[in-house]
Amino acid sequence: MSIKKLDGKVPAGPIKEKWDQYKFDMKLVNPANKRKFNIIVLGTGLAGASASATLAELGYNVKTFCIQDSPRRAHSIAAQGGVNAAKSYPNDGDSVWRLFYDTVKGGDYRAREANVYRLAQVSNNIIDQCAAQGVPFAREYGGTLSNRSFGGAQVSRTFYARGQTGQQLLLGAYSAMMKEVAKGKITSITRSEMVELVLVNGKARGVITRDIITGKFEKHAADAVLLCTGGYGNVYFLSTNAMTSNSSAAWKCYKKGAYFANPCYTQIHPTCIPVHGEGQSKLTLMSESLRNDGRVWVPKKKGDERKPADIPEDERDYYLETKYPSFGNLVPRDVASRNAKLVVDEKRGVGATGVAVYLDFRDAIKRDGKETIKAKYGNLFDMYNRITDADPYSEPMMIYPAVHYTMGGIWVDYNLQTSVPGLFALGEANFSDHGANRLGASALMQGLADGYFVVPYTLGNYLVTEKPEQESVTVDNKEFDDALKAAEAHFDKLMAVGGKRSVDSFHKALGLLMWEYVGMGRNEAGLKKGIEEIKKLRAEFWKDVKVTGTKEGINVELEKANRVADFLELGELMARDALERVESCGGHFREESQTEENEAKRDDENFCHVAAWEYAGDNSDPIRNIEELSFENVALTQRSYK
């Protein structure tokens with residue numbers, strides 16, 4: 001098969017006018033006709049809940065699915081620091097254009113300009129929408145909404161609700177969604193996992209799900225399917241993601257023809273509680289907002305085992321402030337993470353393992369007082385204390401980078417439609433807005449922008465132009481029977497292996513391979529070895545995995561086996577994508593491609609494009625298609641935060 005040059009379907013015209021003009025040009029669904037269409041939404045995080053609520057309010061019949069016992073338990077609830085918008089309440093020079101520019105630059109010039117500008121453009125609507133829902137954003141004494149700074153920006157544009165912003169935003173979207181459930185416009189199905197995408201005449205027309213309580217497989221038909229299932233960070237086993245977060249829904253779509261874009265673009269978050277033992281099942285994020293007042297440092301001397309209080313000021317290396325005076329501790333995440341790795345590699349790490357750096361609030365407490373710091377970050381400090389039994393008010397936190405977010409995902413065009421007609425991908429599940437590195441507080445912005453303000457327009461345009469309702473598709477179509485049989489066969493195969501090794505042992509082994517070869521630093525030899533090792537591990541999985549229990553009823557091991565089987569395939573694709581992209585950009589750092597100052601060095605001549613991988617069968621190498629990226633508004637330059 002030949003390599004395809006993909007069309008992002010970006011409308012013509014000046015970037016500031018594209019979205020408004022396109023909204024006018026798109027075809028609309030008559031209000032009375034909306035009730036004729038059925039929409040499936042997979043996932044109920046910020047993207048899924050906001051899309052479900054908005055589409056139902058418009059009149060569509062919506063059916064939502066989540067693997068949790070309640071839609072409000074989606075992983076969006078774990079987001080801490082805030083959500084960006086260009087309202088410029090502090091009057092510090094922010095604007096829609098600056099948010100657009102910062103996001104393109106922060107992503108190291110590997111995102112589609114038009115999508116990023118639209119994101120910045122609708123960001124202010126998000127704050128209005130959420131405030132109207134009752135989201136308790138922090139406020140100044142006079143009542144105006146408060147802002148703080150996040151990495152990669154020199155303005156304060158992040159709206160927040162202490163360290164629980166994701167939870168509060170999700171409760172707002174969840175409330176809007178449950179209002180429509182009460183009206184009968186949304187059917188909410190919990191404890192249910194999508195296991196197959198159903199195509200009829202080449203279009204997405206439904207899904208096969210598995211009830212994780214009963215083990216029963218079910219068929220669901222619709223006129224379009226929205227994939228809102230988040231990212232794939234748990235391929236590394238240890239990450240800040242919830243343990244049930246997985247890539248399986250997206251991977252099933254990939255195997256049905258949806259291209260997987262830039263899978264090697266993973267975000268290693270710089271402020272996480274370090275690994276403390278081999279028995280850990282996940283890692284804990286400490287919000288980037290802490291870098292507003294916390295100072296990152298390590299001892300200047302190698303192997304210094306003194307307590308932090310015993311190390312005098314002139315023997316401390318505040319390396320981010322020294323190296324990046326313009327941004328200091330608020331450099332983007334990829335930059336902060338790489339520099340933490342550098343000082344640890346120099347044997348200047350701290351703590352029992354030597355794989356950590358300090359985040360110190362001593363000076364902020366002296367300057368502003370303990371009560372002020374407690375008001376800003378109290379719940380985060382409490383969480384750190386409960387996990388580590390250390391008091392961050394009296395001694396520095398110890399932090400180290402950990403896998404947090406994935407910028408790669410299912411390829412979508414400007415309409416958020418994948419390469420499969422009728423299948424849309426929203427939020428972290430798609431690749432579109434963050435390039436090779438996401439700026440802090442932009443994930444919540446994208447999920448809500450896609451759900452509240454983008455897909456309600458583009459989905460309607462698809463329904464009017466493609467007219468899926470005229471094909472009279474139901475769950476009785478042969479395609480649904482075939483997909484259900486394929487899903488059952490896959491789970492039967494997992495049960496039938498009958499090996500000796502646990503599912504978790506394979507997942508941990510994969511995570512170690514991914515961290516070693518597809519982690520913060522990557523090189524050609526390591527990636528080639530990683531691909532071979534992952535292939536060996538996958539073959540071993542299908543020979544020796546042991547899935548206890550039965551197909552019927554609750555079987556957590558069977559759920560995990562399905563997801564790990566997909567991770568073992570996805571992990572290879574991530575390594576392959578990293579190998580093929582012979583440049584450094586954002587979170588993808590090829591050690592062969594760096595500046596003299598150890599910064600990421602892009603190759604714009606050969607790699608200024610999206611890599612969109614096409615499934616070609618289990619026994620064939622995937623095809624690397626590309627979408628060329630053009631930068632007409634933000635000039636391509638070497639990123640600098642000095």
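The values are calculated or read from the model by the stated rules, or taken from the named source; none is laboratory data. Predicted model, so just to flag it, every value in this text is computed and none were measured. As a convention, Cβ positions derive from the backbone with ideal geometry for all residues, glycine included, and neighbour counts pool all protein chains shown. Surface areas here come from the heavy atoms of the whole protein model, side chains and all, with no ligands, DNA or RNA. Shrake-Rupley method; radii C 1.70, N 1.55, O 1.52, S 1.80 Å.
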Residues being crowded, with 24+ Cβ neighbours inside 10 Å, among the polar types (S, T, N, Q) and closer than 19 Å to G206 by Cα: count how many of those fall in the stretch 37-56. 2
Going through the stretch 326-374 in order, the residues found to be open to solvent by 10 Å² or more (accessible area, probe 1.4 Å) and in a loop (DSSP other than H, G, I, E, B) are S326, F327, E346, K347, R348, G349, G351, A352, T353, G354, V355, G369
Which residues, counting only those in the stretch 161-176, are open to solvent by 30 Å² or more (accessible area, probe 1.4 Å) and either touching a Leu at 6+ places or on another chain (Cβ under 7 Å) or in a loop (DSSP other than H, G, I, E, B) (or both)? R162, Q164
Single condition R205 does not satisfy, out of (1) under 30 Å from K485 (Cα atoms); (2) surrounded by fewer than 24 Cβ atoms within 10 Å (Cβ to Cβ): (2)
Does K256 satisfy the criteria of being touching an Asp or Glu at 6+ places or on another chain (Cβ under 9 Å), part of a loop (DSSP other than H, G, I, E, B), open to solvent by 10 Å² or more (accessible area, probe 1.4 Å) and of a type in the set (K, R)? yes
Residue in the stretch 57-66 that is open to solvent by less than 50 Å² (accessible area, probe 1.4 Å) and within 18 Å of the chain's Cα centre (by Cα) present: yes
Top-ranked residue in the stretch 122-143 [being open to solvent by less than 40 Å² (accessible area, probe 1.4 Å) and touching a helix residue (DSSP H, G or I) at 6+ places or on another chain (Cβ under 7 Å); ranked as nearest to Y160 (Cα to Cα)]: F137
Mind counting the residues in the stretch 466-478 that are surrounded by 18 or more Cβ atoms within 10 Å (Cβ to Cβ) and part of a helix (DSSP H, G or I)? 1
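Does D92 satisfy the criteria of being among the acidic types (D, E) and open to solvent by less than 10 Å² (accessible area, probe 1.4 Å)? Lay out the reasoning, then the answer.
Working: among the acidic types (D, E): yes; open to solvent by less than 10 Å² (accessible area, probe 1.4 Å): no.
Taking the combined requirement at face value, the residue does not satisfy it.
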Does the stretch 516-532 contain any residue that is part of a helix (DSSP H, G or I), open to solvent by less than 70 Å² (accessible area, probe 1.4 Å), closer than 30 Å to G215 by Cβ and touching a helix residue (DSSP H, G or I) at 6+ places or on another chain (Cβ under 9 Å)? no
If you scan the stretch 78-102, which residues turn out to be in contact with a Leu (Cβ under 6 Å, 6 or more places away or on another chain) and closer than 20 Å to K16 by Cβ? A86
The one condition A575 fails out of (1) open to solvent by 10 Å² or more (accessible area, probe 1.4 Å); (2) under 23 Å from the mean Cα position of the chain (by Cα) is (1)
I'm told S432 meets every condition in (1) modelled with pLDDT of 95 or more; (2) surrounded by 15 or more Cβ atoms within 10 Å (Cβ to Cβ); (3) of a type outside the set (V, I, T) except one. Can you identify the failing condition by its number? (1)
What residue, among those in the stretch 391-413 that are touching a residue at least 12 places away in the same chain (Cβ under 8 Å), out of contact with any Ser or Thr (no Cβ under 8 Å at 6 or more places or on another chain) and part of a loop (DSSP other than H, G, I, E, B), is nearest to D603 (Cα to Cα)? D413
(1) surrounded by fewer than 20 Cβ atoms within 10 Å (Cβ to Cβ); (2) touching a strand residue (DSSP E or B) at 6+ places or on another chain (Cβ under 6 Å); (3) within 30 Å of F491 (Cβ to Cβ): which one isn't true of S146, the others all being true? (3)
Can you find, within the stretch 453-465, the residue that is least open to solvent (accessible area, probe 1.4 Å) among those that are hydroxyl-bearing (S, T, Y) and touching a Leu at 6+ places or on another chain (Cβ under 9 Å)? T458
Could you count how many residues in the stretch 318-338 are over 15 Å from G294 (Cβ atoms) and free of Cβ contacts under 8 Å to residues at least 40 places away in the same chain? 1
Name, by its number, the condition in (1) open to solvent by less than 10 Å² (accessible area, probe 1.4 Å); (2) within 30 Å of L380 (Cβ to Cβ); (3) within 18 Å of the chain's Cα centre (by Cα) that does not hold for F100. (3)
Residues (open to solvent by less than 10 Å² (accessible area, probe 1.4 Å), assigned to a helix (DSSP H, G or I) and of a type in the set (A, V, I, L, M)) located in the stretch 542-572: L558, A561, V564, A565, L568, L570
Please go through the stretch 573-619 and give me each residue that is among the small types (G, A, S) and in a loop (DSSP other than H, G, I, E, B), ordered by number. S584, G586, G587, S593, A616, G617
Residues (under 22 Å from E628 (Cα atoms) and outside any loop (DSSP other than H, G, I, E, B)) located in the stretch 428-445: E428, A429, N430
Residue set L512, L494; condition out of contact with any strand residue (DSSP E or B) (no Cβ under 7 Å at 6 or more places or on another chain) and over 29 Å from V420 (Cβ atoms); output residue L512
Filter the stretch 286-303 for residues that are out of contact with any Gly (no Cβ under 7 Å at 6 or more places or on another chain) and within 14 Å of M398 (Cβ to Cβ); which is surrounded by the most Cβ atoms within 10 Å (Cβ to Cβ)? M286
Taking first residues from the stretch 39-67 that are over 25 Å from I212 (Cα atoms) and second residues anywhere that are at pLDDT 95 or above and hydroxyl-bearing (S, T, Y), the pairs with Cβ under 6 Å that are 6 or more apart or on different chains are T54/Y452
Residue in the stretch 242-253 that is nearest to R624 (Cα to Cα), counting only those that are open to solvent by 10 Å² or more (accessible area, probe 1.4 Å), out of contact with any Leu (no Cβ under 8 Å at 6 or more places or on another chain) and touching a residue at least 40 places away in the same chain (Cβ under 8 Å): N246
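If you go through the stretch 110-160 one residue at a time, how many are part of a strand (DSSP E or B), out of contact with any Gly (no Cβ under 9 Å at 6 or more places or on another chain) and in contact (Cβ under 8 Å) with a residue 40 or more places away in the chain? Even if it seems obvious, please write down each step before you answer.
Applying the first criterion (part of a strand (DSSP E or B)) to the stretch 110-160 yields 139, 145, 148, 158-159.
Of the ones still in play, those that are also out of contact with any Gly (no Cβ under 9 Å at 6 or more places or on another chain) are 139, 145.
Narrowing the set further to residues that are in contact (Cβ under 8 Å) with a residue 40 or more places away in the chain leaves 145.
Qualifying residue count for the region: 1.
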Filtering the stretch 67-89 for residues that are among the aliphatic types (A, V, I, L, M), open to solvent by less than 10 Å² (accessible area, probe 1.4 Å) and touching a Gly at 6+ places or on another chain (Cβ under 9 Å) leaves a count of 2
